[in-house]
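> What follows is a single structure, and I will ask about it in a moment.
Read-outs: derived from the displayed coordinates by stated rules, not from any lab. The structure displayed is predicted, hence computed values, not measured ones.
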């Protein structure tokens with residue numbers, strides 16, 4: 001088992017424009033759903049309607065992701081603000 005144990009520290013996570021990335025991905029999934037919707041009959045004939053519903057599921061999960069990353073971003077900003085604020089003087 002020691003053979004598979006990593007010998008170095010894990011790198012720090014990359015931070016970037018998380019909220020716009022998730023919003024963009026959600027929009028992309030929803031657009032793909034809308035583009036495939038007129039061809040639903042074609043997908044149904046080939047028993048491949050899961051393609052359409054996968055895009056809708058991606059858009060729905062993306063909405064949950066948007067909610068999550070916005071809350072996370074707000075919490076990170078609150079923590080950074082609290083860290084910079086001076087501690088109240090004890091009386």
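> Please work out how much length the chain gains when fully extended from residue 80 to residue 57, using 0.36 nm per residue of separation minus the C-alpha to C-alpha distance, in nm with one decimal. Intermediate results must be reported in sequence, preceding the final value.
Working: separation 23, 0.36 × 23 = 8.28 nm, distance 3.43 nm.
Roughly 4.8 nm would be gained on extension.
> For the range 18-77, what are the per-bin percents of Cα-Cα distances with bins 10 Å wide, up to the bin holding the maximum?
The distribution over the range 18-77 is 25, 39, 22, 11, 3, 0, given as percents.
> Still on this structure, I have one more. Relative to the longest principal axis of the chain, what angle (0 to 90°, nearest 10) does the C-alpha long axis of helix 50-84 take?
Once rounded, the angle reads 10 degrees.
> Of the candidates 78, 46, 70, which one comes out as most mobile in a Gaussian network treatment of the chain with C-alpha springs shorter than 10 Å?
Highest fluctuation among the options: 46.
> Given the range 45-88, what whole percent of its Cα pairs are spread farther than 16 Å? The partial results should precede the final answer.
Working: 569 of 946 pairs.
Result: 60 percent of Cα pairs exceed 16 Å.
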